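Let me begin by presenting the structure, written as structure tokens, before commenting on it.
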């Protein structure tokens, strides 16, 4: 996925049941306080969620597009990496709902994102 490469995300695993991406903390991705920027976390979650939805498309579909995304941040990330694990909660004809958990290197919850992806035909 070109955007994943652009933001520096790497694939740990990808399949219809789960997509797992990783983003390393880097000073170019931080706020002025040194925390991984919320936009970087949201972009990682959207990428993982979109990929999970894509891997669960109905046969006649051509792709997905995020139509809704809700993010809850739990703690800042100031070093290490963040892992995004996306799982499909609902597969419908017109939408796919994905839950993505983002955890730090100590397996602490950093954020949780719920997305709705439109099924494109």
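Scanning the stretch 27-45 for residues that are farther than 15 Å from residue 76 by Cβ and out of contact with any strand residue (DSSP E or B) (no Cβ under 6 Å at 6 or more places or on another chain) yields 28, 43. Residue 11 passes all but one of (1) surrounded by fewer than 19 Cβ atoms within 10 Å (Cβ to Cβ); (2) touching a residue at least 12 places away in the same chain (Cβ under 8 Å); (3) touching a helix residue (DSSP H, G or I) at 6+ places or on another chain (Cβ under 8 Å); (4) closer than 20 Å to residue 99 by Cβ; which number fails? With respect to (1) surrounded by fewer than 19 Cβ atoms within 10 Å (Cβ to Cβ); (2) touching a residue at least 12 places away in the same chain (Cβ under 8 Å); (3) touching a helix residue (DSSP H, G or I) at 6+ places or on another chain (Cβ under 8 Å); (4) closer than 20 Å to residue 99 by Cβ, residue 11 is out only on (2).
Within the stretch 51-82, if we keep just the residues that are out of contact with any helix residue (DSSP H, G or I) (no Cβ under 9 Å at 6 or more places or on another chain) and under 18 Å from residue 20 (Cβ atoms), the residue that is surrounded by the most Cβ atoms within 10 Å (Cβ to Cβ) turns out to be 52. Condition first: surrounded by fewer than 17 Cβ atoms within 10 Å (Cβ to Cβ) and part of a strand (DSSP E or B). Now tell me which residues in the stretch 105-121 satisfy that. Once the filter is applied, which keeps residues that are surrounded by fewer than 17 Cβ atoms within 10 Å (Cβ to Cβ) and part of a strand (DSSP E or B), the stretch 105-121 yields 109, 112, 114, 118, 120.
FYI, it's all coordinate maths here, none of it is from the lab. Worth saying up front: this structure is predicted, and the values here are computed from it rather than measured. Note: ideal-geometry Cβ built from the backbone for every residue, glycine included; neighbour counts use all protein chains shown.
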